[in-house]
Amino acid sequence: YQLPEWRIYRQTGVDSRTILQNFHRMDHNLCNTLSIMLDLQYLWMDGSLPTMVWEEQIPGIQRCTYTNFKFVDVNQPRFRTKLPFMLDEFAVHVESLAKEVRDALETNWVISAASKLSTFVSHLPSTPMVDGSHIGVPSDADMRMAAEDDDHSIGASSVDSNRFKKFKDANVRKSMRARASLEGLTKKAAHGRHSGLLGASSGAPTPGGAATPSGKRKANKAEKVIDCATVLMSRQLRGMCESSLQCLAELFEKLSLPNTASYSIFVINVRLRKVKTKEITTDFADPLEVCLQPDMAEIQHTMSNAVNVVVNAARGYDRPEQAAALKPTFGGKNHYMIKELQIAAQYKKMNEASVALTDSIVADVKRRIHEKIAEYFAAPA
């Protein structure tokens, strides 16, 4: 807001009060600046599976952090030593490994992230009591206090949380001063309108939230934090899935690179088949022709299924508050704040940002693989 470019480009005919109201709405509902989000990102970037999992469950993959983890091992040296594969053997290998990787993530990464999130929720200030029910939404100051308490409890895994919090607070103060000066709009007036928006809610209160005039319950801060964390974790899985699909495509695309020795991926056998029925045979009584087995269509079909297996392995994970190991006690003393969310989302999975079979990246990877198969596959003339 301090830059001359901003003062020029912001003259768009939009009321500055609308801009400020939308900022308050995003600032109140989005939780991406909380320290717990940084902790979850650190877990993804620096965390890894336990040693026993690497040695016993997925011994064919080299140890790495979650951010470099993949659902396939086609880029691993151990996989390359096994080439070429029978087509069915390759399909079974991709499917079984994707399942093992998924199981490892569900029992380790998801539980670790859910534990951190549960600790943060447990340190949120309890909402006031009205007629025996907890209602209201914690203020930004309360959220910063919760973040500070959370830093003390999980500081060992979040070495830069204090630095992040200081950076955030300084920028919040700076942006608030700048917004207050926009066209004479003061903090007091903005606070009055913001309080009016919050005070406009009416209806029967429910535990951990308040009813809106339309009767729909308003999510409390703990629920918003969990929803935001779920989107972040889903986005992390998407990145892992996309890199795995890229590795599958590169398995075929790097065959002709100058610094890569030529190698065969699949075992292809020469067979005889009947000209009329196209059946594989060893009987020379009928007219025969030479063919390759598997043929190009079978290889392309198998690779399309392999891509689908990888995509499905990155979808359908339980949300952090639904993790069976933590669900009964998730949030500690503030468990009541997320109880309704657990009920409402009990059948919902962590697919907010996951790759879907209809996404363009899936179609693009399949196309690239099919093109390379057609380029290198040579059937008898």
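Each residue in segment 273-300 was checked for being loosely packed, with under 15 Cβ neighbours inside 10 Å and not charged (D, E, K, R), and 11 pass. Can you find a residue that is at pLDDT below 80, surrounded by fewer than 20 Cβ atoms within 10 Å (Cβ to Cβ) and either on the phi > 0 side of the Ramachandran plot or out of contact with any strand residue (DSSP E or B) (no Cβ under 6 Å at 6 or more places or on another chain) (or both) anywhere in segment 205-214? The answer is yes; a qualifying residue exists. Any chance segment 104-113 includes a residue that's open to solvent by less than 40 Å² (accessible area, probe 1.4 Å), in contact with a strand residue (DSSP E or B) (Cβ under 6 Å, 6 or more places away or on another chain) and part of a helix (DSSP H, G or I)? Taking every residue of segment 104-113 in turn, none turns out to be open to solvent by less than 40 Å² (accessible area, probe 1.4 Å), in contact with a strand residue (DSSP E or B) (Cβ under 6 Å, 6 or more places away or on another chain) and part of a helix (DSSP H, G or I). Checked against (1) open to solvent by 40 Å² or more (accessible area, probe 1.4 Å); (2) closer than 19 Å to residue 229 by Cα; (3) in contact with a Ser or Thr (Cβ under 9 Å, 6 or more places away or on another chain); (4) in contact (Cβ under 8 Å) with a residue 40 or more places away in the chain, residue 33 passes all but condition (3).
The one condition from (1) hydrophobic (A, V, I, L, M, F, W, C); (2) open to solvent by 20 Å² or more (accessible area, probe 1.4 Å); (3) at pLDDT 90 or above that residue 90 does not meet is (2). Listed by position, the helices (runs of 4 or more DSSP H) contained in segment 1-85 that have at least 3 residues being at pLDDT below 85 are 4-9, 16-29. Within segment 321-344, the set of residues being open to solvent by less than 10 Å² (accessible area, probe 1.4 Å) and under 13 Å from residue 219 (Cα atoms) comprises 337, 338, 342.
Go through 116, 99 for me and flag whichever is open to solvent by 50 Å² or more (accessible area, probe 1.4 Å), assigned to a helix (DSSP H, G or I) and either more than 30 Å from residue 337 (Cα to Cα) or touching a residue at least 24 places away in the same chain (Cβ under 8 Å) (or both). Result: 99 is the single residue among 116, 99 that is open to solvent by 50 Å² or more (accessible area, probe 1.4 Å), assigned to a helix (DSSP H, G or I) and either more than 30 Å from residue 337 (Cα to Cα) or touching a residue at least 24 places away in the same chain (Cβ under 8 Å) (or both). Please determine whether any residue of segment 349-364 is within 27 Å of residue 244 (Cβ to Cβ), in a helix (DSSP H, G or I), among the charged types (D, E, K, R) and open to solvent by 20 Å² or more (accessible area, probe 1.4 Å). Yes, segment 349-364 contains at least one residue that is within 27 Å of residue 244 (Cβ to Cβ), in a helix (DSSP H, G or I), among the charged types (D, E, K, R) and open to solvent by 20 Å² or more (accessible area, probe 1.4 Å).
The values are calculated or read from the model by the stated rules, or taken from the named source; none is laboratory data. Small disclaimer: the values here were computed from a predicted structure and weren't measured. Glycine gets a Cβ as well: all are built from the backbone with ideal geometry, and neighbour counts include every protein chain shown. The area values use the complete protein model at the heavy-atom level, side chains included, leaving out ligands, DNA and RNA. Shrake-Rupley method; radii C 1.70, N 1.55, O 1.52, S 1.80 Å.
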